[in-house]
Amino acid sequence: MSLYPMPGAEFTAEEKRRISLERARELKERIRDYLQVKDEIPTGFDLVEQISLARRRILELLNARQEQWNDWHWHMAHRITGVDLLARIIPLSSEEQEAVALVGKQFRWAISPYYASLLMVDRPGGPIWLQSVPQTAELCDTGGSEDPMAEAFTNPAPGVTRRYPDRLIINVTNQCAMYCRHCQRRRNIGEVDRHKPRRVLEAALDYIRANPEIRDVLITGGDALLLSDRCLDWLLGELDAIPHVEIKRIGTRVIVTMPQRITPSLCAVLEKHPPIYLNTQFNHPLEVTPEAAAACDRLIRAGVVLGNQAVLLKGVNNNPHVMKKLNQSLLRIRVRPYYIFHAKEVKGTGHFVTSVDEGIEIMEKLRGYTSGLAVPTYIINAPGGLGKTPVLPRYMLARDEKHVTLRTWEKRWIYYPNRRH
């Protein structure tokens, strides 16, 4: 008897149950490979004790107290920016120390004490290491562009990037808690942290006021949440006062790199200005820690809607099991996986770029194999500022006026009517 009976066929209750049990066994077999390895992919929750020991070691090195650990200003003032201190936190050979110093002459780096605590429990060359520690590969990248999205040519007003009909970006700062090695805007980092002056923000607001089709504004940087509470309150209030602005979005990675920034006072500011959608960037399950989860909880209680925009990075998360574990872990802390970005062709980051085939294979292993809530959209940013292009496995194989031929997540072909009548 077929495991997939035709509609209308007659079966006893016992036969229906037998077919159902056979199907359940088949489905379980489809995720056997993931079940065998998922416990070998640790989250930050799994390594709480090790991270706690790392935190105490960092506090000792910086001659600091536990209460200072909870102060985001302290983290910003004590970012690791020197090779000597870094070598006391993680094992670095003399050659590796020389490499970090050499790369730092061309590409700025900084690591928050919080993220350094994750770095201490990672392995050399692991996912946290690759995102935070400078690599000589950054200097060997002969391809790529400093501005692959042509933001210099999608800049109709100071501080503004516009690629779409009804939305735009306000870029408010070049400052970050950590300068990620895969940063898409490393050309803006420079040598000094700078927030955009008020006159630039005013010019951006004037542009929005003059263009009533703009309904959605993304505040980003750098990291938008490194503005002061007072400045954020002012900027969000100005946007609220523009009748055609319906939603505000915030781009930030501090939840991942310095969750201490998510203070009660910040949350009180954000709660005043709904609706706010905040997208962050978790790239590996190890980044999903109790401290990050607590920061997410504070934001959610303030009415902020959270999403994740992972970047597909070679050596970090270009593995279907790692990406699945990441997305499932995020749902547990109420962060919706939104996008997986194909790494952009930014100068100095070529060693992170995977093939598009790898990205499609990851999507194949997500769709159907886990909840749709854990399946983000795989995106390639078109060069030249032409915007996001979704990339999907091929599910529609053929189409005519009467029928479509589809492929299911299990690679079964089905013939389906294009229209009922």
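Can you say whether L168 is in the same structural domain as A294 (by TED's automatic domain parsing) and assigned to a helix (DSSP H, G or I), as far as the supplied structure shows? Here the answer is no, as L168 does not meet what is asked. For segment 349-364, a residue qualifies if it is surrounded by fewer than 19 Cβ atoms within 10 Å (Cβ to Cβ) and in contact (Cβ under 8 Å) with a residue 60 or more places away in the chain, and the qualifying residues are G350, H351. Go through segment 25-51 residue by residue and tally those that are within 24 Å of L331 (Cα to Cα) and free of Cβ contacts under 8 Å to residues at least 12 places away in the same chain. The number of residues fulfilling the criteria is 10. In this entry, P383 is excluded by the filter for residues that are touching a residue at least 60 places away in the same chain (Cβ under 8 Å), within 23 Å of L331 (Cα to Cα), in contact with a strand residue (DSSP E or B) (Cβ under 9 Å, 6 or more places away or on another chain) and in the same structural domain as R187 (by TED's automatic domain parsing).
Can you confirm whether segment 189-205 contains a residue that is assigned by TED's automatic domain parsing to the domain that holds G237, among the aliphatic types (A, V, I, L, M), within 25 Å of E238 (Cα to Cα) and surrounded by fewer than 20 Cβ atoms within 10 Å (Cβ to Cβ)? Scanning segment 189-205 turns up at least one residue that is assigned by TED's automatic domain parsing to the domain that holds G237, among the aliphatic types (A, V, I, L, M), within 25 Å of E238 (Cα to Cα) and surrounded by fewer than 20 Cβ atoms within 10 Å (Cβ to Cβ). Of all residues in segment 122-146, those that are under 23 Å from the mean Cα position of the chain (by Cα), surrounded by fewer than 19 Cβ atoms within 10 Å (Cβ to Cβ) and charged (D, E, K, R) total 2.
Only a single criterion out of (1) surrounded by 18 or more Cβ atoms within 10 Å (Cβ to Cβ); (2) touching a residue at least 24 places away in the same chain (Cβ under 8 Å) is not satisfied by E96, namely (2).
Which of the residues spanning segment 363-405 are part of a strand (DSSP E or B) and among the aromatic types (F, W, Y)? Matches in segment 363-405: Y378 only. Remark: A343 falls outside the filter, which requires a residue to be surrounded by fewer than 15 Cβ atoms within 10 Å (Cβ to Cβ) and in contact with a Ser or Thr (Cβ under 7 Å, 6 or more places away or on another chain). In segment 295-306, of all residues being surrounded by 20 or more Cβ atoms within 10 Å (Cβ to Cβ) and part of a helix (DSSP H, G or I), the one that is nearest to the chain's Cα centre (by Cα) corresponds to C296. When E95, E60 are checked against the criterion of being outside the structural domain of A292 (by TED's automatic domain parsing), modelled with pLDDT under 95 and of a type in the set (D, E, K, R), E95 stands alone in meeting it.
On the stretch given as segment 218-234, residues that are part of a strand (DSSP E or B) and surrounded by fewer than 23 Cβ atoms within 10 Å (Cβ to Cβ) total 2. Count of segment 110-124 residues, restricted to those that are at pLDDT 95 or above and out of contact with any helix residue (DSSP H, G or I) (no Cβ under 7 Å at 6 or more places or on another chain), is 1.
Of the residues contained in segment 307-316, one or more are found to be touching a Pro at 6+ places or on another chain (Cβ under 6 Å), in a loop (DSSP other than H, G, I, E, B), β-branched (V, I, T) and under 19 Å from Q184 (Cβ atoms). Listed by first and then second residue, the pairs with beta-carbon distance under 8 Å, at least 6 apart or on different chains, first residue in segment 201-223 and under 16 Å from E246 (Cα atoms), second surrounded by fewer than 18 Cβ atoms within 10 Å (Cβ to Cβ) and of a type in the set (K, R), are I214/R167; R215/R167; D216/R167; V217/R167; L218/R167. Total residues in segment 267-289 satisfying the condition of being surrounded by fewer than 22 Cβ atoms within 10 Å (Cβ to Cβ) and either small (G, A, S) or assigned to a helix (DSSP H, G or I) (or both): the figure is 4. Examine segment 270-279 for a residue that is in contact (Cβ under 8 Å) with a residue 12 or more places away in the chain and touching a Phe, Trp or Tyr at 6+ places or on another chain (Cβ under 9 Å), and state whether such a residue exists. Yes, some residue in segment 270-279 is in contact (Cβ under 8 Å) with a residue 12 or more places away in the chain and touching a Phe, Trp or Tyr at 6+ places or on another chain (Cβ under 9 Å).
With respect to (1) modelled with pLDDT under 95; (2) loosely packed, with under 14 Cβ neighbours inside 10 Å; (3) in contact with a helix residue (DSSP H, G or I) (Cβ under 8 Å, 6 or more places away or on another chain); (4) of a type outside the set (D, E, K, R), the lone exception for N70 is condition (1). Among the criteria (1) crowded, with 23+ Cβ neighbours inside 10 Å; (2) in a loop (DSSP other than H, G, I, E, B), the one A292 does not fulfil is (2). Scanning segment 63-73 turns up one or more residues that are within 23 Å of L119 (Cβ to Cβ) and of a type in the set (K, R).
The values are calculated or read from the model by the stated rules, or taken from the named source; none is laboratory data. Only a predicted model underlies this, so the values are computations on that prediction, with no experimental measurement involved. Glycine also receives a Cβ, built like all others from the backbone with ideal geometry; neighbour counts cover every protein chain displayed.
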